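The structure appears below as structure tokens.
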Amino acid sequence: MGKTLSQKIWSDHVVRSGSGLPDLLYIDLHLIHEVTSPQAFDGLRMNGRSVRRPDLTVATEDHNVPTENIDQPIADEISLKQIETLRDNTAEFGITNYPMGIRIRASCMLSDLN
């Protein structure tokens, strides 16, 4: 039986696989945002690690940004804190961050991968 698209992508990126262990994958380009990345950066700090390929990691402020009046300060305190934390973390780890308002955005739909 043939593989699904996700199975093909997964198997093409396995670096190491072991019985009873999770696969170690090579990630070509790592996209991060302000909501879930703080935990990852905290984990790196706690373990004394760096981002292995900051040149292949890109951050974008996209979950908590206003859709209108982006020239105004973010009113929601939690959203603002998440954006500020992303900016601090990307600066500390040498990662390119595309802040809100920048006109460089890309979308990839599954149909684009076929």
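Derivation of every value follows stated rules applied to the coordinates shown; laboratory data play no part. Note that the structure is a prediction, hence the values are computed from the model and not measured. Virtual Cβ from ideal backbone geometry, glycine too; neighbours counted across all protein chains shown.
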#### Entry: Mean separation of Cα contacts under 8 Å (6+ apart) over length of the chain, as relative contact order %
24
### Query
Long-range amide H contacts for LEU25: which residues qualify at under 5 Å (H placed 1.01 Å from N, peptide plane, sequence gap of 5 or more or a different chain)?
VAL15
### Query
Can you tell which of VAL51, VAL15, VAL65 shows the greatest fluctuation in a Gaussian network model of the chain with Cα springs below 10 Å?
VAL15
### Query
Sequence-distant or interchain residues sharing an amide H contact under 5 Å with TYR98, placed H: which?
ALA59, THR60, GLU61
### Query
At what distance in nm do the modelled label points of MET1 and TYR26 sit from each other, each positioned 7 Å from its Cα along Cα→Cβ?
2.9
### Task
For helix 77-93, report the angle its Cα long axis makes with the longest principal axis of the Cα atoms of the chain; keep it between 0 and 90° and round to the nearest 10°.
60
### Query
To the nearest 500 deg cm²/dmol, what mean residue ellipticity at 222 nm is calculated for the chain from DSSP H runs of n ≥ 4 alone, each contributing -39,500 (n - 2.57), summed and divided by the residues?
-10000 deg cm²/dmol
### Message
For the pair ASP55/THR67, report the inter-label distance in nm, with labels modelled 7 Å from Cα in the Cβ direction.
### Response
3.8
### Query
Per the Kirkwood treatment, what hydrodynamic radius in Å, one decimal, follows for the chain from the mean inverse distance over all distinct Cα pairs?
16.5
## Note on the structure
Using alpha-carbon coordinates alone, the radius of gyration and Dmax of region 6-63 in Å work out to 13.6, 38
### Query
Which of the peptides 66-73, 22-29 is most tightly packed, and how do the rest follow, going by the mean number of other Cβ atoms within 10 Å of each residue?
22-29, 66-73
### Message
Please arrange ILE9, ILE32 by how many other C-beta atoms lie within 10 Å of their C-beta, fewest to most.
### Response
ILE9, ILE32
